[in-house]
Amino acid sequence: MSDILRDLKKYTSKALVKQIEDETESRREWILEQFAKAGEPLRHIQNYKFWQDGNQAKEIYSNEFLYEKLNYIHNNPVEEMIVARPEDYMFSSARNYASLDHVLDICLITPQLKTYK
């Protein structure tokens, strides 16, 4: 499992950083600077540190638990005071659930689900 998560993090971090670099998002430079600062003290980081170290893989055992985790993910940019509402963060699937223009193509768990607070 740790090898799978390592490879997933490596692939997604490169893909997402490239997407951020290619977007005209107004906070692009700020967020890339944050990723660069996070990687500075670590010798094994070449450019950006996107993911936190370690993993806390959890089995999704119920719909309620799935929605709890989806809410957590959607609300992270709000908790970090990057945006006021989850759907305001351009790189969040909350935009898909709010039927807004989005960068990420995802399969909605249920189209009418509004997961965030």
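Overview of values
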read-out	value
Of Val103, Pro77, Ser93, farthest towards positive along the dipole that unit charges on Lys, Arg, Asp, Glu beta carbons give the range 65-113	Ser93
Scaled radius of gyration (Cα, divided by 2.2 N^0.38 Å) that the range 60-117 gives	1.06
All-pairs alpha carbon distance profile, the chain, 10 Å steps from 0, percent	12, 37, 39, 11, 0
Assigned charges on the beta-carbon of Lys, Arg, Asp, Glu; the chain dipole about Cα centre (debye)	220 debye
Helical segments meeting 24 Å axial Cα length and Kyte-Doolittle 1.6 threshold in the chain (DSSP H)	none
Per DSSP, loop GluC sites (Glu not before Pro) in the range 24-117 with at most 12 further Cβ within 10 Å	Glu59, Glu80
Reciprocal of mean inverse Cα separation for the range 1-51 (Kirkwood radius, Å)	11.6 Å
Dipole of the range 1-51, positive direction: furthest Cα of Ile4, Trp51, Gly39, with charges on the beta-carbon	Ile4
The chain, relative contact order in percent, only Cα pairs under 8 angstrom and at least six apart counted	15 percent
Per-residue Cβ neighbour rank within 10 angstrom, fewest leading, Ser99, Ser93, Ser2	Ser2, Ser99, Ser93
Fully extended contour minus Cα-Cα distance, from Asp22 to Cys107, at 0.36 nm per residue	28.3 nm
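Values in this text are rule-based calculations from the coordinates and carry no lab data. Quantities reported herein were computed from a predicted structural model and do not represent experimental measurements. As a convention, Cβ positions derive from the backbone with ideal geometry for all residues, glycine included, and neighbour counts pool all protein chains shown.
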